[in-house]
2 protein chains.
Amino acid sequence: MITPKTLSGFKDRLPKEAMAKQAVLEKLARVFKSFGFVPIETPHLEYAYILTQEESDIQKEIYLFKDHGKREVGLRFDQTIPLARFIAQHHNALGLPFKRYAIGNVFRGERAQRGRYREFTQCDFDFIGSHSLLCDSEVIQVIISSLKALDLEEFCVWINHRKILNGLCAHFGLGSNEEVVTFLRIVDKLSKIGEQGVLLELSEHFSQDFKPLLQILNTKQEEESAEFFKSVAHLKELHPLVREGLEELETLFDLLLSLEIDPEHFRVDFSIARGLGYYTGIIYETTLNQLTSLGSVCSGGRYDNLARSFSDQNLPGVGASIGLDRLLVALEELELVENKSTSARVLVVCMQAKHFAYASQIAQKFRQSEINTELYPEIEKLKKPFSYANHKGHEFVVVLGEEEVKRESLTLKNMTTGMQFNHLSFLRALAMVSE
Amino acid sequence: MITPKTLSGFKDRLPKEAMAKQAVLEKLARVFKSFGFVPIETPHLEYAYILTQEESDIQKEIYLFKDHGKREVGLRFDQTIPLARFIAQHHNALGLPFKRYAIGNVFRGERAQRGRYREFTQCDFDFIGSHSLLCDSEVIQVIISSLKALDLEEFCVWINHRKILNGLCAHFGLGSNEEVVTFLRIVDKLSKIGEQGVLLELSEHFSQDFKPLLQILNTKQEEESAEFFKSVAHLKELHPLVREGLEELETLFDLLLSLEIDPEHFRVDFSIARGLGYYTGIIYETTLNQLTSLGSVCSGGRYDNLARSFSDQNLPGVGASIGLDRLLVALEELELVENKSTSARVLVVCMQAKHFAYASQIAQKFRQSEINTELYPEIEKLKKPFSYANHKGHEFVVVLGEEEVKRESLTLKNMTTGMQFNHLSFLRALAMVSE
């Protein structure tokens, strides 16, 4: 006998969880498609040299091995490098601008941690081939529409601009890109180690006094945006990049406000830095007001050149990624997921094997009226199918005994109210189920 | 510069193909759910010892390697072994009977062949924990409903019973299971090497004259089922297993006929053998009448004990698997897939950057009326967005110039008819798009 076990760091999803996840994915895909984003598919496996091109901490977490033809291959660890490879390979056939979404699993051999798995699902959407601010605005719209489609109401997309960060850093004497990267990496720990901790770590690398800069980076919009932009207008004088960044943010906010999007859902936060790799423009993170400790559920921004390692062609774009597993945790916590283990609303139970044909017909009629209906396959005391329905979450149980079949009728029990109705016609029963 | 390349034996799906695939998967999932099948998820990676338990030709095709913790792991090559592992691990939490579907990718390092890939998608559905013939009938119903949901009309589920095969083999002197397996493996080549070829290969292993047996195995139902069962009733005398098998098939056919399923869609074929591993009862393959050379697009059957390697508990069931890639080839060939590269019906184009806000509002209004709408992000001569819409397949283009904005109107072009309507109100335009 072999012990049945999931691989360490991986998990199964039982029906309740798998259905909740699928419901979320369906809603997200509907939003992506409503904006004209289209799906693409890339393989789970890529040549290792595609995956290992950029230095980062993730590199040592990639699953690398040799395939049957002794090729060095690896499992994808995100969907961005495969997208860059895909665009570089197919951009002539695709035509630009190109808007794609991708919902897929990625793999990272991270150290095991509670609630973190080595295989997880990412929902990415990217708008490629345009410098227009319209794309930035649209990606933020998609984030807001996505969360609203999941019945989330209290959340905020916190927005910043890499130009503002770069301009401020330059003004405060951080000259090289390397210095900026080091500085921002330390500042990113603000919420973890506090201002004192950050200042201490900064003093190990730099001689400047960063208190005034940290104070600026700590600025979060609380008032209305017009007022906010007025209050930070003086920063424009610090550096031309700060001016450019702030002016682009103002235009973006005007665009979003003209769409009558609730201004509670998007605000400026100068502390957002968003990793340091390929982002070059407007960047954002999204937190749920009731669960800020969860961190960002959707992050993204603008990049100058997505496929720079693969192609001479300049491919600017904007994109964001929803961390599905984190979002599911949040929805679970906020009781916004269905608590069912069945896809069927009705369970049809029959009391003698000779009535299976009649039972199948009744079930088929419900299905033809778009009511998902399951047929209990065994002949057992009623207690058993009823406890099955209770366990799985069917809303109605149809019972078919000798008398029901003789009168071409059925008995319907509403599992929520406990009410039972005997010898209904199919049409009466259908009306009650459809109510 | 790195050459962008998909791994040998793997493929990307561009939007047109990816959307066609997703549309098919959505329709299939809807059918599965309408019968009360629920989704589950298992990881793409499993412990190697889980995957390598059964001897078969597939074994040497499994992608096996070591993970970061030096565990021997492998990529799943089907969804049946993971299901068996899953059920053995979770059956207490799940409750029986249990009906699951799973749509997922599997990996096999096969020799490269035209049209065959090393990563492909399987759609499996299984009804576990019941011996009832109702389950066999339901799985066949699901196959028929699935193909009809894809607008396929001319197809047949060819049905046989392992008991009939075993009974016939016993009658013709094939005593051991090993002999039966060897015999059926050779007979399976009938369509490839013809009757003479089969007889020749059989004569290398056995001394019997198999001509009369081959003749029986060549029997395919052509007439109505009542007539057919009459014509083969004499076979019941050959062996008790043949009798049992035929009687079960008769009951199954009565059940299916009582559901008013077109009898053209299910017929008996004594030559169906369905691999030889775990099937023990009624088995079937499905061919499309116009594309029989494609082979079976959906196969399955009953097994006595799914999780026998993992658990003492007896878990009988019925299941089938749709080979999605093959099915997509068929749908493409029969021109049953949509030929679009966009998820949006409407493309909104605006002629000056200062009108982006108005354009965004118009697009948002279409979306609020459930019309997927894309916004062209650049300001360019109209020729370019129009050729973009032609290339991708938008049905309507909305043009917004100075005059349109001033009159709070829009110009709508129907890309199918070529008709253009100037200065419509949004509601008039919406009515025309919704028609």
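The values are calculated or read from the model by the stated rules, or taken from the named source; none is laboratory data. What you see is a predicted model, and the numbers here were worked out from it, not measured in a lab. Positions of Cβ are backbone-derived with ideal geometry, glycine not excepted, and every protein chain shown enters the neighbour counts. Areas reflect the complete protein model, heavy atoms only, side chains present, ligands, DNA and RNA absent. Shrake-Rupley method; radii C 1.70, N 1.55, O 1.52, S 1.80 Å.
Residues in segment A:83-100 that are more than 9 Å from chain B (Cβ to nearest Cβ) and touching a residue at least 60 places away in the same chain (Cβ under 8 Å): 2 in all.
Can residue B:402 be described as among the acidic types (Asp, Glu) and either surrounded by 12 or more Cβ atoms within 10 Å (Cβ to Cβ) or without any contact (Cβ under 8 Å) to a residue 24 or more places away in the chain (or both)?
Here the answer is no, as residue B:402 does not meet what is asked.
Each residue in segment A:118-141 was checked for being more than 9 Å from chain B (Cβ to nearest Cβ) and of a type in the set (Asp, Glu), and 3 pass. For segment B:381-395, the count of residues that are open to solvent by 70 Å² or more (accessible area, probe 1.4 Å) and touching a strand residue (DSSP E or B) at 6+ places or on another chain (Cβ under 7 Å) is zero. Contact map, segment B:384-396: residues that are within 10 Å of another protein chain (Cβ to nearest Cβ) paired with residues that are surrounded by 13 or more Cβ atoms within 10 Å (Cβ to Cβ) and assigned to a helix (DSSP H, G or I), Cβ distance under 9 Å, separation 6+ or inter-chain. Pairs shown: B:392/B:15; B:394/B:388.
Pairs linking a residue in segment B:11-32 that is more than 21 Å from residue B:143 (Cβ to Cβ) to a residue that is of a type in the set (Gly, Ala, Ser) and open to solvent by 30 Å² or more (accessible area, probe 1.4 Å), with Cβ atoms under 7 Å and 6 or more positions apart or on different chains, are B:14/A:93; B:15/B:341; B:16/B:341. Selection of segment B:183-213 for residues being closer than 30 Å to residue B:265 by Cβ and in contact with a Ser or Thr (Cβ under 9 Å, 6 or more places away or on another chain) yields B:187, B:188, B:190, B:191.
Hey, among B:71, B:111, B:100, B:85, which residue is within 19 Å of the chain's Cα centre (by Cα) and among the basic types (Lys, Arg)? After ruling out the rest, the residue left standing is B:100. When B:140, B:193, B:186 are checked against the criterion of being of a type in the set (Val, Ile, Thr) and within 20 Å of residue B:30 (Cβ to Cβ), a single residue qualifies: B:140. Restricting B:173, B:129 to those that are assigned by the TED database to the domain that holds residue B:293 and out of contact with any Phe, Trp or Tyr (no Cβ under 7 Å at 6 or more places or on another chain) reduces the list to B:173.
Need a quick list: helices (runs of 4 or more DSSP H) entirely within segment A:202-289 having at least 2 residues that are modelled with pLDDT of 95 or more and more than 14 Å from chain B (Cβ to nearest Cβ). Those helices (runs of 4 or more DSSP H) span A:225-231, A:240-258.
Identify the residue in segment B:1-26 that is at the interface with chain A (Cβ under 7 Å from one of its Cβ atoms) and outside any loop (DSSP other than H, G, I, E, B) and, among all such residues, is most open to solvent (accessible area, probe 1.4 Å). The qualifying residue most open to solvent (accessible area, probe 1.4 Å) is B:22. Within segment B:123-142, residues that are at positive phi reach partners that are open to solvent by 10 Å² or more (accessible area, probe 1.4 Å) with beta carbons closer than 7 Å, at six or more positions or on different chains, in the pairs B:129/B:96. Name, by its number, the condition in (1) free of Cβ contacts under 8 Å to residues at least 24 places away in the same chain; (2) in contact with an Asp or Glu (Cβ under 9 Å, 6 or more places away or on another chain) that does not hold for residue B:156. Looking at each condition in turn, residue B:156 falls short on (1). For segment B:283-322, the candidate set comprises residues that are among the β-branched types (Val, Ile, Thr) and touching a helix residue (DSSP H, G or I) at 6+ places or on another chain (Cβ under 9 Å); within that set, the residue that is nearest to residue B:94 (Cα to Cα) is B:318. State whether one or more residues within segment A:200-214 are open to solvent by 50 Å² or more (accessible area, probe 1.4 Å) and under 33 Å from the mean Cα position of the chain (by Cα). No, there is no match, as no residue in segment A:200-214 is open to solvent by 50 Å² or more (accessible area, probe 1.4 Å) and under 33 Å from the mean Cα position of the chain (by Cα).
Summed over segment B:317-341, residues that are open to solvent by 10 Å² or more (accessible area, probe 1.4 Å) and either assigned to a helix (DSSP H, G or I) or touching a residue at least 24 places away in the same chain (Cβ under 8 Å) (or both) total 15.
Screening residue A:195 with (1) part of a helix (DSSP H, G or I); (2) open to solvent by less than 30 Å² (accessible area, probe 1.4 Å); (3) in contact with a helix residue (DSSP H, G or I) (Cβ under 8 Å, 6 or more places away or on another chain) gives one miss only, at (2). For segment B:101-117, give me each residue that is facing another protein chain (nearest Cβ under 10 Å) and farther than 30 Å from residue A:19 by Cβ. Of everything in segment B:101-117, those that are facing another protein chain (nearest Cβ under 10 Å) and farther than 30 Å from residue A:19 by Cβ turn out to be B:109, B:110, B:111, B:112.
Among residues belonging to segment B:145-163 that are among the polar types (S, T, N, Q) and in a helix (DSSP H, G or I), point out the one that is farthest from residue B:228 (Cα to Cα). Step by step, filter segment B:145-163, then rank; the result is B:146. Restricting attention to segment A:164-178, the residues that are out of contact with any helix residue (DSSP H, G or I) (no Cβ under 6 Å at 6 or more places or on another chain) and either farther than 19 Å from residue A:268 by Cβ or part of a loop (DSSP other than H, G, I, E, B) (or both) total 6.
Listed here are the residues, each with its yes/no results for (1) of a type in the set (Val, Ile, Thr); (2) open to solvent by 10 Å² or more (accessible area, probe 1.4 Å); (3) in the same structural domain as residue B:290 (by the TED database).
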residue: B:157; (1), (2), (3): yes, no, yes
residue: B:219; (1), (2), (3): yes, yes, yes
residue: B:231; (1), (2), (3): no, yes, yes
residue: B:241; (1), (2), (3): no, yes, yes
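Pairs are defined by a Cβ separation below 8 Å, a sequence spacing of at least 6 or placement on different chains, a first member in segment A:179-203 that is more than 20 Å from residue A:160 (Cα to Cα), and a second member that is modelled with pLDDT of 85 or more and of a type in the set (D, E, K, R); the pairs so defined are A:193/A:201; A:199/A:211.
Among the strands (runs of 3 or more DSSP E) confined wholly to segment A:40-144, which include 1 or more residues that are surrounded by fewer than 21 Cβ atoms within 10 Å (Cβ to Cβ)?
Per the criteria, A:64-66, A:72-75, A:98-107, A:119-128.
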